[in-house]
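Since the structure comes first, as structure tokens, the remarks are kept for the end.
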Amino acid sequence: MVCGPGAAAGRGGARGRLWWPLAAVLGAPLAAALAALGVLAAAAAGEARDEPGGPRQADCAEALAFGGARLPAGAHDARCTVRTWLDTEYEAVFRMPRRDVRGRLRATYPDAPESGTASCVPDSAGPPGSADPAGLCLDLGLTEGDGNRAGRVPGSADPGFGAAAVQVAVVYEGPDQALVTFTAFTV
């Protein structure tokens, strides 16, 4: 049998042609595993930046607009935060004239049930450090089918609007001032 340069190339060529399909079959699961690891690493990096329970400072106009509201005239000492992960929760804490609280709630949520103490969480108080119980609360669902839903929610046409519920707790700090805690969140 004569083995010339063409015969050797033929055998090597056959082995070379078999290598590529084998590499593709073995390489596909490896590539998929590396891609999955990349997705997990990106998700972990995102969670590290936006951990559950970690509120960040937010713009108060944005926080209130998320629940279809605006900062009332005469409001001061406003502090706002946002917490996001699976849900989004904005909180705005501010002081305002006590005499304006009920009117402002009615103007903001005209179809809401009357605010009072019935929807206050038992033993609810103002923000951390406040020992005073809430003197006025509003617990309002903003989605269809919610029994406590306001029929017409201001801001619902605003692209930034997105809350499924709003809770307002008011602590009266004397005859002239009220401390308002406004929370708007998705469920």
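Compared with the alpha-carbon gap, the fully stretched path from Q177 to D87 is longer by 29.2 nm at 0.36 nm per residue. Taking 0.36 nm per residue of separation and subtracting the Cα-Cα distance, what length does fully extending A32 through A164 add? This chain segment gains 43.7 nm when fully extended. Highest average first, the peptides 103-116, 59-72 ordered by how many other beta carbon atoms sit within 10 Å of their residues are 59-72, 103-116.
Here the spin labels are modelled as points 7 Å beyond Cα on the Cα-Cβ line, and at R99 and D111 they lie 3.2 nm apart.
If you roll a 1.4 Å probe over the heavy atoms of the protein chains, what accessible area per residue do you get for the stretch 49-120, in Å²?
Numbers: 4210 Å² over 72 residues.
Heavy-atom SASA per residue in the stretch 49-120 reads 58 Å².
I need the phi-derived Karplus couplings for the stretch 55-68: 6.51 cos²θ - 1.76 cosθ + 1.60, θ = phi - 60°, integer Hz, Gly and Pro marked x. Result, rounded to whole Hz: x, 10, 5, 9, 6, 5, 4, 5, 4, 6, 4, 4, x, x.
The values are calculated or read from the model by the stated rules, or taken from the named source; none is laboratory data. As the structure is a computational prediction, the values presented were derived from the model and not from experiment. Backbone-built Cβ (ideal geometry, glycine too); neighbour counts: all protein chains shown. Quick note on the areas: whole protein, heavy atoms, side chains included, nothing else; ligands and nucleic acids left out. Shrake-Rupley method; radii C 1.70, N 1.55, O 1.52, S 1.80 Å.
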